[in-house]
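What follows is a single structure, written as structure tokens, with notes after it.
The values are calculated or read from the model by the stated rules, or taken from the named source; none is laboratory data. What you see is a predicted model, and the numbers here were worked out from it, not measured in a lab. So basically every Cβ, Gly included, is an ideal-geometry build from the backbone, and we count neighbours across all protein chains shown.
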């Protein structure tokens with residue numbers, strides 16, 4: 001005869017021993033475990049991605065609101081600086097420390113900028129809207145400029161409008177990113193590899209200047225800036241590019257440039 005007596009844990013009303021409670025507790029533990037596993041996987045992925053970027057690029061982040069970011073082309077005698085070494089020595093004579101420097105756009109054989117150049121609010125080279133061949137003329141190309149209130153802007157050449165409160169500006173091409181979109185001319189897996197440098201604007205308004213450690217195509221270079229949250233980024237130049245950044249053991253002082261972009265600091 002079947003015994004219909006209730007289980008003793010029901011008679012005693014012991015919640016911890018109820019089968020349903022066991023199931024709920026087990027489900028909760030599984031949920032917590034899977035959540036922790038997902039977070040760990042995400043962290044590992046981020047770390048791996050960061051390590052891959054660190055292995056491929058050297059970057060310097062600058063806050064134009066707090067740091068002295070300047071563009072250079074010629075000295076007071078109208079002679080082009082050409083190399084980072086020459087700029088560094090010139091600054092040292094003026095008791096100024098060079099924190100960071102990088103070539104800042106394409107140039108002609110006489111070291112003059114190929115496109116627009118503004119320095120200390122003076123228009124030294126007009127906007128180049130000509131059509132041609134080569135990276136500079138790859139569309140859309142663009143302008144990178146800093147205003148008197150230290151706001152950084154990267155825009156299409158077609159969208160650029162000159163105004164007196166632009167303190168510094170350089171023109172180059174092609175644009176890597178425009179409003180978060182990769183230049184449609186770039187091809188994933190392209191064999192067009194080269195050392196490349198460029199500049200992007202981070203979500204917080206700070207600037208990131210980057211140079212590849214090894215040859216990279218335009219698509220992957222654009223992806224790098226996009227992965228950092230940049231909406232707009234501009235290619236500056238190719239194999240001739242150099243970066244001076246002692247804090248990351250990058251001390252390239254040579255070069256034969258036109259424009260250079262630098263962060264400087266007055267010596268105390």
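Go through the residues of the range 63-75 one by one and say whether even a single one is more than 19 Å from residue 259 (Cβ to Cβ) and without any contact (Cβ under 8 Å) to a residue 40 or more places away in the chain. Among the residues of the range 63-75, at least one is more than 19 Å from residue 259 (Cβ to Cβ) and without any contact (Cβ under 8 Å) to a residue 40 or more places away in the chain, which makes the answer yes.
Listed conditions (1) surrounded by fewer than 16 Cβ atoms within 10 Å (Cβ to Cβ); (2) more than 14 Å from the chain's Cα centre (by Cα) are all met by residue 257, apart from (1). The condition (being surrounded by fewer than 18 Cβ atoms within 10 Å (Cβ to Cβ) and either within 20 Å of residue 82 (Cβ to Cβ) or at pLDDT 95 or above (or both)) is satisfied by just one residue among 167, 126, 131: 126.
Inside the range 175-221, residues that are closer than 17 Å to residue 136 by Cβ and in contact (Cβ under 8 Å) with a residue 40 or more places away in the chain make up a count of 12. With respect to residue 202, determine if the residue is farther than 30 Å from residue 75 by Cα and within 18 Å of the chain's Cα centre (by Cα). Yes: the conditions hold for residue 202. When 182, 146 are screened for being touching a helix residue (DSSP H, G or I) at 6+ places or on another chain (Cβ under 7 Å), over 17 Å from residue 237 (Cα atoms) and surrounded by 12 or more Cβ atoms within 10 Å (Cβ to Cβ), only 182 passes. Based on this model, can you work out whether residue 87 counts as out of contact with any helix residue (DSSP H, G or I) (no Cβ under 8 Å at 6 or more places or on another chain) and either closer than 25 Å to residue 153 by Cα or not in a loop (DSSP other than H, G, I, E, B) (or both)? Judged against the criteria, residue 87 is a match.
Could you tell me which numbered condition residue 146 fails, if it satisfies all but one of (1) outside any strand (DSSP E or B); (2) within 23 Å of the chain's Cα centre (by Cα)? (1) is the only condition that residue 146 fails.
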